[in-house]
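Participant: Structure below; questions to follow.
The values are calculated or read from the model by the stated rules, or taken from the named source; none is laboratory data. In this text, all values refer to a predicted model and were calculated from it rather than measured experimentally. When we count neighbours, we look across all protein chains shown, and the Cβ atoms used for this are built from the backbone with ideal geometry, even at glycine. Keep in mind that these areas ignore ligands, DNA and RNA; they rest on the heavy atoms of the full protein, side chains included. Shrake-Rupley method; radii C 1.70, N 1.55, O 1.52, S 1.80 Å.
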Amino acid sequence: MDTSSSESAPDSEPEAVSEDESQSAIREDLKGMSFEEIMQLKEQLGAKVYKEAVLGSKSAPAKKQKSKTDLKRLNKNRPREMSSRKQVPFLGAEHRVERKKEVELRDPRFDEKSGDYNIETFKKNYKFVTKIRDKEVGQLKKQLDEVADTEEKQKIKHTMQRLVNKNVEDKRWHIKQQTLKKERDNIQKSHNEGQQPHYLTKKERRAKELVAQFELLKSTGKLNKHLEKRRKKNAAKDRKRIGLD
């Protein structure tokens, strides 16, 4: 094996010497040629063949690439050598934890991000619900005439009463707001005229509300029914207080 290697080495040396001699001879020939002739020769041979003939076929030395073994730590107490071409994460690959996107459930009624609750704005924006309730009451009345089951009738009556009570409550609230607005306007008017305004107490305001309710019941013809209902309610309270029931 030593003889074969020793024989191959001398054979390679004459080849290298002859290649250098041919390149030097080509360069000497090019020296006597004009620039235009050299460009024509380059076009005929091609840029790649021309460079190999003039400069030689020796390629530039390849860059040494670091293998995986080069990136290992020499000691467990030393830091690992990282490639400068790869972006290093902020916390390092060992400490990163993939965070799952949690779905945030929010209730707009109790969430501060939805803004402050304004009852006047709410009642104004959802005033159309009163008309929807009236339509539902009419549909339930038709359904009540078609149903024969007693238990089903009681459920329908309960639903109808609940819808009616909500509409009555909303109507009372709007009437109360109108009354308070008139009261504020009167106070502002007194201030503008330089007079001392009269501020109603809770007792006076309650008396005015009862008078307004009485006038409303009287105009709609429901006063007697309302008084009878209140009489029965007070009688039941009296019997319960005495202990008859």
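Participant: Work out the FRET efficiency for Trp173 and Ser114 from their Cβ-Cβ distance, taking R0 = 25 Å, and round it to the nearest 0.05.
Facilitator: Working: r = 22 Å, r/R0 = 0.89.
Efficiency for this residue pair is about 0.65.
Participant: Within segment 186-245, report the GluC sites (Glu not before Pro) that DSSP leaves as loop and that have at most 13 other Cβ atoms within 10 Å.
Facilitator: Sparse-neighbourhood loop GluC sites (Glu not before Pro): Glu193.
Participant: Distance check, please: which entries in Lys153/Lys218; Lys203/Lys225; Lys124/Lys182; Lys153/Lys225; Lys127/Lys229 exceed 20 angstrom between their Cα atoms? Before the final figure, lay out each step's value.
Facilitator: Values: Lys153/Lys218 31 Å; Lys203/Lys225 26 Å; Lys124/Lys182 18 Å; Lys153/Lys225 23 Å; Lys127/Lys229 29 Å.
Correct reply: Lys153/Lys218; Lys203/Lys225; Lys153/Lys225; Lys127/Lys229.
Participant: With every protein chain left in place, what is the accessible area per residue of segment 118-199 in square angstrom, probe 1.4 Å?
Facilitator: 84
Participant: Below 14 angstrom from the Cβ of Tyr117, what's the summed charge of the other residues (Lys, Arg +1; Asp, Glu -1)? Walk me through the numbers before you get to the answer.
Facilitator: Values: positive: Arg109, Lys113, Lys123, Lys124; negative: Asp107, Asp111, Glu112, Asp116, Glu120.
Residues near Tyr117 contribute -1 overall.
Participant: Apply the a/c threshold of 1.5 to the C-alpha gyration tensor of segment 130-180 and tell me whether it is rounded, prolate or oblate. Don't jump to the answer; show the numbers that get you there.
Facilitator: Numbers: a/c = 5.77, a/b = 2.80, b/c = 2.06.
Taking the square roots of the gyration eigenvalues as a ≥ b ≥ c, segment 130-180 is prolate.
Participant: Sticking with this structure for a sec: Mind running the shape call on segment 201-244? Use the C-alpha gyration tensor, a ≥ b ≥ c as the square roots of the eigenvalues: rounded below 1.5 for a/c, prolate if a/b tops b/c, oblate otherwise.
Facilitator: It comes out oblate by the Cα gyration axes.
Participant: Going by Cα centres, segment 139-158 and segment 203-223 are how many Å apart?
Facilitator: Segment 139-158 and segment 203-223 have Cα centres spaced 32 Å from each other.
Participant: Still on this structure, I have one more. If we restrict to alpha carbons, what Rg and Dmax does segment 108-226 come to, in Å?
Facilitator: Rg, Dmax (Cα atoms, Å): 20.1, 68.
Participant: Net charge around Glu36, counting only other residues with Cβ within less than 13 Å of its Cβ (Lys, Arg = +1; Asp, Glu = -1)? Before the final figure, lay out each step's value.
Facilitator: Values: positive: Lys42; negative: Glu37, Glu43.
Overall, the nearby charge balance is -1.
Participant: Measure off, as a whole percent, the carbon and sulfur share of the 1.4 Å-probe accessible area of segment 149-244, all protein chains present. Could the numbers behind the result be given before it?
Facilitator: Numbers: 4430 of 8490 Å².
On segment 149-244, the fraction of accessible area on carbon and sulfur atoms equals 52 percent.
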